[in-house]
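The values are calculated or read from the model by the stated rules, or taken from the named source; none is laboratory data. Here the structure is a predicted model, which is why all the values come from computation and not from measurement. Every residue, glycine among them, receives a Cβ derived from its backbone with ideal geometry; neighbour counts consider all protein chains shown. Ligands, DNA and RNA are stripped out before the accessible areas are found, and what is left, the full protein with its side chains, is counted by its heavy atoms. Shrake-Rupley method; radii C 1.70, N 1.55, O 1.52, S 1.80 Å.
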Amino acid sequence: MSHPSTAPPSRPSSPAPLYRRSPVRIACVQYDVKLGRVSENAAKVERMTRDLQPGSLDLLVLPEMCLSGYIFNTPTSILPYLEPQRIGPTSLLARSLAQRLRCHVIAGYPEALPSAPQPSSSLEGLSSRSESNAGPSEMKQLEGEGTGVGWNSAVVVAPSGEVVGNYRKTFRFETDKSWAREGDGFMHFDLPEPLGRVAVGICMDMNPKDFVAPWDAFELANYCRDNAVDMLVVPMNWLSPPAEPPEVTPEEDPESPSESNLNYWAARLQPLHDPVPGYATPRNEVADPIGGKEVVFVACNRVGTEEGTKFIGTSSVMTISSNPSRIELVECCNISEERILLATVT
C-alpha cells in the first residue's frame, strides 16, 4: 500500500522505453473454473491453449486461483489445495506453458506456508462438517494457529520455465480472510522487453483496502505511478456486487462485457490517466515527472458460478496515459464466454 509523502516520490527508471520498440502480445485465458477439480481445470487450460503457436505471445495470463477455484470458507476446506512454490500444480502448468509458447506466464494459486506438510488423503477428506469432530490440537494445526494457512498468490514464469517472481495478495476479500494471510505489499518485476516493469495485483488489490480506505487513496494505481510501471497485470475472480435495496440488479447481456466493471477498473486507475491532486497531495507538489507514460492494464477474470457466486468475466486489456489523459480498451471478453483473449499493444 502506498502512503502519502511530503515530497514528490522518486521514480526509478524502468527497463522498457517510454514508447515500445516492438509491440507487446498478450493473451488472457477466461474460463469456468470448477471448484476443487484441479486436474480437470488444468486439462481445460491445456485444451484452450493448444492452438497457440510458440513465439506468438509475450505474456499469457491465467485467473486468480486458476486451478483450485475460489470459494473456500474455512482453513480446512482449502488445505488440500494449497500449493508449494515452483512445484505445485499451477506452477508446473505455468512452467510448461511458458516453455512451449516461449513467453512469460502469470497465474494465480493458493500458496502453502513454507513449513506446511503436503496434503494427505486424510486431509483431503476433511470438510466443514468434520471440523466439529477435530480435537483442539488438530484444529490449531489446520487453522495455522489463527494466523492463516497460506497466501492468495500469483506466480511469474519466464519463457525458459524458470520461476522469476511470486506475488502475495495485499488486500484480502472476505473469502480470503477465512484462510489467507496478508501479503507483504505491492510488487513489480523487471522483465525483458517488450514487457518492461510489470506490477502484479490480485483482484481485491484494485479496491480501497477493506472497502473502508478513502476512495482517492488509489493504493495500487499510485504504487504503479510512483514506481514507473509499464504494465499492471491483475489475475482475478471478480463478481458484480448486488445492488443495495431498493435497487434491483439489472440482468446483463451474456454476450456483452460488463460495462460497469470496465468503468470501475478505469476509475480505480485514475492516477494513471488523470493525476489530479489527491486527498493528501501537498499543494506545492511539482507536476508528475513521468508525464505521458503509457501503462498497459491486463485484467484476467473467470466466468461461471461457484457456491452461488457468479463471476463476471470481462477479461480485458487497456492502455492508459495521463498526457494526454486517455484510456483505450484494446480488447475484452464478454461476461459468459470461455475463450482466449488476444491483444496486441503497439
message = Can you tell me which residue is surrounded by the fewest Cβ atoms within 10 Å (Cβ to Cβ) among those in the stretch 307-326 that are more than 20 Å from the chain's Cα centre (by Cα), assigned to a strand (DSSP E or B) and not basic (Lys, Arg)?
response = Ser325
query = Of all residues in the stretch 1-32 being closer than 30 Å to Val212 by Cβ and open to solvent by 60 Å² or more (accessible area, probe 1.4 Å), which is modelled with the highest pLDDT?
reply = Ser10
query = Where residues in the stretch 182-212 are in contact (Cβ under 8 Å) with a residue 60 or more places away in the chain and assigned to a loop (DSSP other than H, G, I, E, B), which of them is farthest from Arg21 (Cα to Cα)?
reply = Asn207
key: Out of Thr170, Thr175, sole residue that is under 25 Å from Val33 (Cα atoms), among the β-branched types (Val, Ile, Thr) and in a helix (DSSP H, G or I)   = Thr175
query = Scanning for something in contact with a Lys or Arg (Cβ under 8 Å, 6 or more places away or on another chain) and among the hydroxyl-bearing types (Ser, Thr, Tyr), does the stretch 56-69 turn up at least one residue?
reply = yes
note = Given (1) surrounded by fewer than 19 Cβ atoms within 10 Å (Cβ to Cβ); (2) under 30 Å from Pro80 (Cβ atoms), Cys203 misses just (1)
task = Of the conditions (1) farther than 21 Å from Gly88 by Cβ; (2) open to solvent by 50 Å² or more (accessible area, probe 1.4 Å); (3) modelled with pLDDT of 95 or more, Gly146 clears all except one; give me its number.
result = (3)
query = Looking at Ser96, Ser77, Ser91, Ser115, which is the one that is within 30 Å of Leu195 (Cα to Cα), of a type in the set (Ser, Thr, Tyr) and open to solvent by 10 Å² or more (accessible area, probe 1.4 Å)?
reply = Ser96
task = Collect the residues in the stretch 183-200 that are at pLDDT 95 or above, open to solvent by 30 Å² or more (accessible area, probe 1.4 Å) and under 18 Å from Lys293 (Cβ atoms), keeping them in residue-number order.
result = His188, Asp190
task = Take Ala180 and decide whether it is farther than 26 Å from Cys103 by Cα and crowded, with 21+ Cβ neighbours inside 10 Å.
result = yes
request  = Among the residues of the stretch 33-42, count how many are open to solvent by 40 Å² or more (accessible area, probe 1.4 Å) and assigned to a helix (DSSP H, G or I).
outcome  = 2
remark   = Among residues of the stretch 327-346 being acidic (Asp, Glu) and outside any strand (DSSP E or B), the residue least open to solvent (accessible area, probe 1.4 Å) is Glu337
